[in-house]
Amino acid sequence: MMGFSRPQLVALAVMIAVIVAAPFAAYPVFLMKVMCFALFACAFNLLIGYVGLLSFGHAAYFGMGCYVSAYAAKSWGLSAELCVILGFATGAALGAVFGAIAIKRQGIYFSMITLALAQMVYFFATQAAFTGGEDGIQQVPRAPVLGFISMQNDLAIYALVAVVFLGGFLLIHRIIHSPFGQVLKAIRENEPRAISLGYRVNDYKLMAFVLSTGIAGAAGGLKSLVFGIATLTDVTWQASGEIVLTTLLGGLGTVFGPVIGAVIINTLEFYLAPFGSWVTVTQGVIFVACVMAFRRGVVGELGARIKVAL
Amino acid sequence: MNIDRLNLGRRALLGTAAAASLPAVGRAQASGLKIGVLTDLSGPYKDLAGPLAVECVRLALEDYGAAAKGMKVDVVAADHQNKPDVGAGIARQWFDQDGVDLIVEVANSGVALAVAGVAKDKNKVYLNSGAATSDLTAAQCNANTIHWAYDTYMLAKSTGGALAKAGGNSWFFITADYAFGKALQRDTTGFITANGGKVVGSIAYPFPGTTDFSSMLLQAQSSGAKVLGIANAGTDTINTIKQAKEFGITMTLAGLLLFISDVHALGLETAQGIALTDSFYWDHNARTRAFSERLKPKAPAARPTMVHAGVYSSTLHYLKTATAAGMGVMKGPGTEVVARMKAMPTDDDCFGPGSIRIDGRKIHPSYLWEIKKPSESKGPWDYYKPIATTPADQAFRPLNEGGCPLAKA
């Protein structure tokens with residue numbers, strides 16, 4: 001079904017069950033943050049895991065999605081779903097321009113171009129009037145869905161976040177397992193051969209890039225609604241680095257890997273917060289351990305152990 | 001018969017469940033107060049706030065004799081990592097789940113504004129000391145927040161206005177090119193010109209990432225201005241001052257946001273002669289010395305900054321309000337607690353007698369200091385000598401100029 005293998009269907013069912021049950025056991029706001037970053041990581045994984053493009057500036061699309069959605073909710077009073085769609089549009093539009101420039105080069109040059117462009121976005125965010133500089137956009141209202149379904153209750157907005165997350169997750173899964181996705185994987189494996197087979201690889205790459213940045217923007221838009229703020233934190237290069245770590249830890253090129261990665265990273269950040277610098281220390285140690293000992297990531301290793309692609 | 005028994009069983013079960021849940025609710029209400037110290041435990045503001053701020057809360061509890069008065073107060077602390085979303089997330093969780101009634105401190109304006117928003121949402125209490133932004137009592141003010149130790153307006157007015165009056169009448173600015181730096185320069189310029197001074201030039205440098213200030217310093221020197229206004233913060237300020245020393249800049253340096261912990265890090269040899277504003281100095285009078293003496297056992301190597309003093313003073317006032325108003329009010333809506341706090345005059349060893357304005361601004365005098373020469377200093381942390389005092393009624397932005405909705409009501 002929809003390109004899901006049987007083990008993947010089981011995993012999907014487990015994930016949905018966890019999403020439904022979790023807010024009654026854990027703190028909903030924390031779970032929503034995890035889902036926002038999981039969606040962001042899934043979008044990033046679409047590029048690095050399936051096209052082999054390491055975009056090192058993905059926070060730019062996530063962060064601008066945050067800003068635009070927050071601004072729309074606060075200053076224009078738009079409803080929640082329009083804010084998230086605006087976040088998607090912002091990420092996609094930015095991705096179309098940046099992608100068109102960056103995909104002209106491969107490998108490290110591609111990564112550096114995306115990083116440079118992302119730093120320009122950061123600079124824009126510190127200077128532009130509408131972003132509020134280093135104070136960010138504060139006290140963003142939780143806009144109602146369709147203009148009348150109130151999101152004040154944590155469980156109500158949790159449902160919205162869960163729906164958008166699952167929608168994005170299924171969309172990415174669908175993209176990967178479509179004929180289009182097969183071509184992407186062909187490009188990842190051997191780009192010259194894909195060209196020789198007659199595919200216009202740059203068009204495919206750009207399309208994948210725009211899809212990825214659009215979903216990242218939507219994840220950002222969602223996050224600003226949940227927390228009621230949009231700040232510089234989300235456009236920094238550190239945020240770009242963290243999403244690379246998240247995806248790597250969960251498992252590059254696995255469907256569920258980025259989700260697990262987001263769970264682990266956010267849990268660390270959340271529960272180690274009282275211990276100060278231990279957050280960054282622990283993240284560093286985990287990153288080293290992951291690269292040295294289990295390069296396929298948590299889900300990748302697990303999949304290899306039980307011999308199924310998750 | 002069977003059905004009856006079943007019904008009875010179910011009812012008994014419900015009854016048991018209700019009975020089991022009741023004492024839990026009762027306990028939660030009688031469990032006293034919980035104070036959350038949200039601060040920077042690992043980053044650039046660790047020394048001016050950080051762990052010592054947590055100790056200041058504990059000292060306030062001891063000085064007030066909370067335990068002896070039968071008041072049970074728990075203290076929790078967390079690191080906001082200077083990320084507004086992390087800070088807002090912790091604040092939300094504290095209010096939602098951990099039963100925190102009051103959040104104090106929060107050094108970092110972005111995080112502070114976010115926490116003020118959460119406090120308003122959840123109708124709890126937030127007493128800020130560490131953040132500088134005067135927006136907290138302007139357009140973004142709310143009835144759940146009090147801004148305690150200082151703000152950007154106070155710094156600009158004292159350093160700009162009082163220094164211009166004291167003879168520093170021509171200025172050159174080195175400014176970090178972002179909202180905070182520009183606001184600081186704009187506000188300070190206003191006070192300089194209002195006091196008969198003038199600004200002969202300024203340079204904005206890219207933020208963050210600038211570490212070499214030499215060309216700007218030389219340009220400032222050649223402008224002939226008497227005062228160099230340093231409109232930045234943290235490590236940028238430290239770098240500017242160090243390089244000014246290395247280049248032998250002879251102007252008076254004015255640090256617009258400089259704490260005694262920064263001065264300690266710089267050392268008197270480098271920092272001597274700088275003018276700066278603090279609303280609290282540990283060696284200012286008998287009461288501030290007594291406070292610092294009491295804090296000493298908790299941190300022998302450090303002296304409190306005005307942020308630490310603010311944390312102490314605000315916690316103490318909160319406890320006094322708790323005694324006066326009773327637990328029923330303190331566990332109720334935050335707006336009511338804050339209203340009671342505003343109604344009561346403040347008095348403590350750090351800031352002396354003071355008051356809290358309707359827009360949430362704590363009112364006390366501010367002081368302009370000059371950093372001593374190494375030869376004048378009698379020992380470690382003997383750093384400041386007074387230049388000027390701005391009285392309490394003039395130290396902060398007039399109530400009607402901030403645009404706080406509370407002030408209009």
Original post:
Can you give the average number of partner chain beta-carbon atoms within 10 Å of each beta-carbon in peptide A:91-104, as a whole number?
Top reply: 0
Original post:
Based on Cβ point charges of +1 for Lys and Arg and -1 for Asp and Glu, what charge dipole magnitude is obtained for chain B about its Cα centre, in debye rounded to the nearest 20?
Top reply: 880
Original post:
Summing -39500 (n - 2.57) over the DSSP H runs of n ≥ 4 in chain B and dividing by its residue number, what mean residue ellipticity at 222 nm do you reach, to the nearest 500 deg cm²/dmol?
Top reply: -13000 deg cm²/dmol
Original post:
Which whole-Hz couplings ³J(HN,Hα) result when phi for each residue of segment B:58-69 is put into the Karplus expression 6.51 cos²θ - 1.76 cosθ + 1.60, θ = phi - 60°, listed in order with x for Gly and Pro?
Top reply: 4, 5, 4, 4, 5, 4, 6, x, 4, 5, 5, 7
Original post:
So what's the convex hull volume per residue for the Cα atoms of the protein assembly as shown, in Å³?
Top reply: 195
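Taking the highest mean first, how do the peptides B:90-97, A:57-64, A:29-36 order by number of other beta carbon atoms within 10 angstrom per residue?
Values: B:90-97: 21.4, A:57-64: 31.0, A:29-36: 23.5.
The most tightly packed comes first, giving A:57-64, A:29-36, B:90-97.
Taking each residue in A:225-233, count the Cβ atoms of any other chain within 10 Å of its Cβ, then average. What number comes out? If you can, show how the numbers build up before the last one.
Working: counts 0, 4, 9, 7, 10, 2, 9, 4, 9.
Per-residue shielding by partner chains comes out at 6.
Beyond 24 Å between alpha-carbons counts as too far, so tell me which of B:Lys165/B:Lys385; B:Lys198/B:Lys372; B:Lys46/B:Lys83 fall in that bin.
Working: B:Lys165/B:Lys385 17 Å; B:Lys198/B:Lys372 26 Å; B:Lys46/B:Lys83 14 Å.
Listed pairs above 24 Å: B:Lys198/B:Lys372.
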Original post:
Comparing B:Lys378, B:Lys157, B:Lys72, which has the greatest mean-square fluctuation in the GNM of chain B with Cα pairs linked when under 10 Å apart?
Top reply: B:Lys378
Original post:
Using the Kyte-Doolittle scale, which helices in chain A average at least 0.0 and also have C-alpha atoms spread 24 Å or more along the helix axis, with helices defined as whole DSSP H runs?
Top reply: A:6-25, A:28-50, A:80-102, A:107-127, A:154-176, A:201-227
Original post:
Could you work out the helix-only [θ] at 222 nm for chain A, with each DSSP H run of four or more residues adding -39,500 (n - 2.57) and the total divided by the number of residues, to the nearest 500 deg cm²/dmol?
Top reply: -24000 deg cm²/dmol
Subject >> Cα-based helix-to-principal-axis angle, B:2-30 vs chain B, degrees rounded to 10 >> reply: 30
Subject >> Rounded tilt (10° steps) of B:286-295 against the dominant C-alpha axis of chain B >> reply: 60
Original post:
Could you give the angle, 0 to 90 degrees to the nearest 10, between helix B:306-325's Cα long axis and the longest principal axis of the Cα atoms of chain B?
Top reply: 30
**OP:** Work from the charge dipole of the protein assembly as shown (Cβ charges, +1 for Lys and Arg, -1 for Asp and Glu, about the Cα centre) and give the residue of B:Ala176, A:Gly65, A:Ala22 farthest towards its positive end.
**Re:** A:Ala22
Original post:
Considering only A:Ile137, A:Gly147, A:Gly99, whose Cα is most displaced toward the positive end of the charge dipole of segment A:66-212, charges sitting on Cβ of Lys, Arg (+1) and Asp, Glu (-1)?
Top reply: A:Gly99
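Take peptides A:71-82, B:59-70, A:234-245, A:208-219 and line them up by average Cβ neighbours within 10 Å, highest first, as a rough protection proxy. Mind showing how you got there, number by number?
Values: A:71-82: 18.3, B:59-70: 15.4, A:234-245: 21.6, A:208-219: 28.9.
Going by the mean number of other Cβ atoms within 10 Å, highest first, we get A:208-219, A:234-245, A:71-82, B:59-70.
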Subject >> Cα centroid of segment B:32-87 to Cα centroid of segment A:43-97, whole Å >> reply: 37
**OP:** Return the average number of partner chain Cβ atoms within 10 angstrom of each residue Cβ along peptide B:110-123.
**Re:** 4
**OP:** Please find, in a Gaussian network model of chain B (springs between Cα atoms separated by less than 10 Å), the residue of B:Ala392, B:Ala275, B:Ala176 whose mean-square fluctuation is greatest.
**Re:** B:Ala392
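I need the peptides B:200-213, B:344-357 ranked by packing, meaning the mean over residues of other C-beta atoms within 10 angstrom, with the highest value on top.
Numbers: B:200-213: 15.3, B:344-357: 18.6.
Sorting B:200-213, B:344-357 by mean packing, highest first, produces B:344-357, B:200-213.
Any idea what the dipole of the protein assembly as shown comes to, in debye rounded to 20, about its Cα centre with Lys/Arg Cβ at +1 and Asp/Glu Cβ at -1? Mind dumping the intermediate values first?
Working: 58 positive and 47 negative charges, 229 e Å.
Using only the charged Cβ atoms, the result is roughly 1100 debye.
Only Cα pairs under 8 Å and at least 6 apart count here; give the relative contact order of chain B as a rounded whole percent. Before the final figure, lay out the partial values.
Numbers: 792 pairs, mean separation 72.1, N = 409.
This gives 18 percent for chain B.
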Original post:
Across segment A:6-306, how large is the tail of the calculated P(r) beyond 35 Å, expressed as a percent of all Cα pairs?
Top reply: 14
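Return the percentage of antiparallel bridges among DSSP beta bridges fully within chain B, rounded to the nearest 5 %.
Numbers: 15 of 52 bridges.
Roughly 30 percent of the DSSP beta bridges within chain B come out antiparallel.
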Original post:
For the charge dipole of the protein assembly as shown, defined by +1 on Lys and Arg C-beta atoms and -1 on Asp and Glu C-beta atoms about the Cα centroid, which residue among B:Asn285, A:Thr282, B:Ser222 has the Cα displaced farthest towards the positive pole?
Top reply: A:Thr282
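Quick note: the coordinates plus some simple rules give every number you see, no bench work behind them. From a predicted model like this one, the values you see are computed outputs, not experimental measurements. Virtual Cβ from ideal backbone geometry, glycine too; neighbours counted across all protein chains shown.
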